[in-house]
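The values are calculated or read from the model by the stated rules, or taken from the named source; none is laboratory data. The structure displayed is predicted, hence computed values, not measured ones. A quick note on method: Cβ atoms are made from the backbone with ideal geometry, for glycine too, and the neighbour counts reach across all protein chains shown.
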Amino acid sequence: MTALPLSQDQIDHHNSARREGLEDDYASLGRALSRRGVDLDAIKRKVQEFSIATPSWATGRGGTRFAKFAIPGEPTNIHEKLADCAVVQQLGRSTPRVSLHFPWDQADDYAGLREEGAALGLGFDAVNSNTFQDQPGQEHSYRSGSLSATDSGVQEQAVAHNIDCIEIGKTLGSKALTVWVGDGSNFPGQQDFTRSLDRYLDSTGSIYAALPDSWRMLLEHKMFEPAFYSTVISDWGSSLMAAQELGPKAQCLVDLGHHAPNVNIEQIVARLHRVGKLGGFHFNDSKYGDDDLDSGSINPHQLFLIFNELAEAQERSPEAFDPAYMIDQSHNVTDPIESLLSSAEAIVSAFAKAALIDRDALHAAQEDNDPMLAFQALRAAYRVDVSPLVAMVRLEAGGAIDWLSAYRQSAWRERKAQERKPVALGAGIV
Ligand SMILES: [Mn+2]
């Protein structure tokens with residue numbers, strides 16, 4: 001039984017006024033591409049297969065370390081978060097899975113939660129552990145680190161929490177555990193770089209041992225914050241080192257905001273795939289640091305270049321290509337549902353543009369050492385307005401041609417503002 005949150009009749013009615021225009025734009029795009037020898041329907045099939053997970057925590061308003069400004073009707077528990085993710089999926093049709101975070105998404109009955117998700121049209125993606133903040137009643141504090149802590153009791157508690165997350169994930173039908181730690185230091189000399197990494201590897205080794213064979217452990221690196229001098233898994237080098245030491249089920253997760261400014265992330269993608277360690281992505285965008293802005297809002301070209309490397313990797317070794325895609329953003333000034341829909345559309349568009357690249361022409365130009373011809377092979381795809389294609393995929397799957405207008409007409413948030421408890425003022429970024 002399904003219990004989709006929005007009326008499908010309303011979405012269909014909304015589409016009916018826009019369908020003819022979209023069909024015209026799609027046909028026009030198809031003609032333009034066929035002159036280049038590209039079959040739009042073949043590209044459409046690739047786009048139909050592409051999907052991204054939404055994180056439960058991005059359905060609430062985010063904040064900065066100064067403040068968080070809640071909006072009326074934002075979700076207050078995992079059930080309400082799932083309902084909001086279902087709205088995103090119903091309108092956008094590219095985000096069929098949700099990634100949960102523990103203990104933020106704690107529930108009494110995870111088998112029941114899995115059924116609740118299924119009824120909403122949602123499955124469950126990677127589970128995320130949290131050892132970067134203390135919870136009420138917890139025996140040891142993470143104030144001086146977790147998986148890399150000098151105190152073995154702290155380490156054991158952090159390991160046990162990650163193993164609990166795996167157990168919950170098994171019930172939910174997840175296939176991966178994402179591990180990000182806030183461990184690091186704020187002062188030169190505060191922490192021994194080598195011994196802290198050794199302790200991290202000891203702890204993650206115990207978690208790895210508890211991982212089912214069909215699962216992956218995704219290691220997420222981050223250069224700074226909350227620690228501002230060093231972090232234990234600071235960059236893709238440290239992440240790769242750890243993943244290689246742990247074993248084949250451990251892979252690296254690339255969060256777009258977790259690098260030094262101007263780092264060539266697309267090259268990191270190629271490198272990680274080359275050694276079989278490209279585990280997945282957390283999509284977001286940034287201007288200055290780990291800003292967690294909406295995907296494609298600041299640098300859509302970078303997103304395209306990342307998908308160019310992904311398309312290349314998939315073509316080179318399709319059997320070894322299975323990255324986990326997820327949005328990881330903090331929505332401080334928008335309705336999170338709108339930001340998730342906008343971001344998913346930007347990510348799908350970047351994927352679609354990369355699928356349009358004439359790879360034979362690109363490879364030939366690279367072999368001929370013709371930089372302009374190679375660049376133009378990318379540019380020719382980047383210039384294409386793929387919005388009719390992306391909207392057509394959405395429409396055919398039951399989503400909304402104009403998701404923003406359909407969402408606002410649904411008055412979902414206004415209705416939820418009447419039903420849901422108000423969120424208390426308070427905490428900023430979490
Ligand atoms: Mn992340």
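For the reader, a short list of remarks on this structure follows.
- Set side by side, the residues Asp134, Asp151, Asp198, Asp192 differ, and just one is touching a Gly at 6+ places or on another chain (Cβ under 9 Å), free of Cβ contacts under 8 Å to residues at least 12 places away in the same chain and farther than 21 Å from Ser99 by Cβ, which is Asp151.
- If the condition is being surrounded by fewer than 18 Cβ atoms within 10 Å (Cβ to Cβ) and basic (Lys, Arg), then the range 12-63 contributes Arg18, Arg19, Arg31, Arg35, Arg36, Arg45, Lys46.
- Residue within the range 205-227 that is away from the ligand (no atom under 16 Å from the Cβ), of a type in the set (Gly, Ala, Ser), free of Cβ contacts under 8 Å to residues at least 24 places away in the same chain and over 28 Å from Gly153 (Cβ atoms) present: no
- The listed residue being under 27 Å from Pro261 (Cα atoms), at pLDDT 95 or above and assigned to a helix (DSSP H, G or I), out of Leu218, Leu197: Leu197
- Failed condition for Leu246, given (1) surrounded by fewer than 21 Cβ atoms within 10 Å (Cβ to Cβ); (2) closer than 19 Å to Asp151 by Cα; (3) touching a residue at least 40 places away in the same chain (Cβ under 8 Å); (4) away from the ligand (no atom under 16 Å from the Cβ): (2)
- Which numbered condition Gln329 fails, given (1) surrounded by fewer than 24 Cβ atoms within 10 Å (Cβ to Cβ); (2) modelled with pLDDT of 95 or more: (1)
- Annotation: of all residues in the range 233-242 being under 14 Å from Leu201 (Cβ atoms) and away from the ligand (no atom under 16 Å from the Cβ), the one that is surrounded by the most Cβ atoms within 10 Å (Cβ to Cβ) is Ala242.
- Scanning the range 380-423 for residues that are part of a helix (DSSP H, G or I) and touching a Ser or Thr at 6+ places or on another chain (Cβ under 6 Å) yields a count of 1.
- Qualifying residue in the range 155-173 (condition: farther than 22 Å from Gly247 by Cα and within 16 Å of the ligand (Cβ to nearest atom)): no
- Per the listing Ala111, Ala119, Ala126, Ala160, the residue uniquely touching a residue at least 24 places away in the same chain (Cβ under 8 Å) and more than 22 Å from Ile52 (Cβ to Cβ) is Ala111.
- Which listed residue, of Ile429, Ile347, is closer than 23 Å to Asn284 by Cα, surrounded by 14 or more Cβ atoms within 10 Å (Cβ to Cβ) and at pLDDT below 95: Ile429
- Residue list for the range 150-171, filter: within 22 Å of the chain's Cα centre (by Cα) and of a type in the set (Gly, Ala, Ser): Gly169
- A Cβ distance below 6 Å, combined with a sequence gap of six or more or placement on separate chains, defines the contacts here; from the range 16-35, residues that are in contact (Cβ under 8 Å) with a residue 60 or more places away in the chain and more than 21 Å from Ser405 (Cβ to Cβ) reach residues that are in a helix (DSSP H, G or I) and of a type in the set (A, V, I, L, M) in the pairs Leu33/Leu40.
- Whether a residue is part of a helix (DSSP H, G or I) and of a type in the set (Gly, Ala, Ser) was assessed, and Ala118 passes this test.
- Pair list, Cβ under 8 Å, 6 or more apart: the range 342-360 residue farther than 20 Å from Pro323 by Cα, other residue of a type in the set (D, E, K, R) and part of a helix (DSSP H, G or I): Arg359/Glu312; Arg359/Glu315
- Residues satisfying the stated conditions in the range 124-149, i.e. surrounded by 17 or more Cβ atoms within 10 Å (Cβ to Cβ) and either within 22 Å of the chain's Cα centre (by Cα) or among the hydroxyl-bearing types (Ser, Thr, Tyr) (or both): Phe124, Asp125, Ala126, Val127, Asn128, Ser129, Asn130, Thr131, Tyr142, Ser146, Ser148
Conditions (1) away from the ligand (no atom under 16 Å from the Cβ); (2) closer than 25 Å to Val98 by Cα; (3) modelled with pLDDT under 95; (4) not β-branched (Val, Ile, Thr), marked per residue:
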{"site": "Glu266", "(1), (2), (3), (4)": "yes, no, no, yes"}
{"site": "Asp285", "(1), (2), (3), (4)": "no, yes, no, yes"}
{"site": "His301", "(1), (2), (3), (4)": "yes, no, no, yes"}
{"site": "Asn308", "(1), (2), (3), (4)": "yes, no, no, yes"}
{"site": "Ser317", "(1), (2), (3), (4)": "yes, no, yes, yes"}
{"site": "Phe321", "(1), (2), (3), (4)": "yes, yes, yes, yes"}
{"site": "Leu340", "(1), (2), (3), (4)": "no, yes, no, yes"}
{"site": "Asp358", "(1), (2), (3), (4)": "yes, no, no, yes"}
{"site": "Gln366", "(1), (2), (3), (4)": "yes, no, no, yes"}
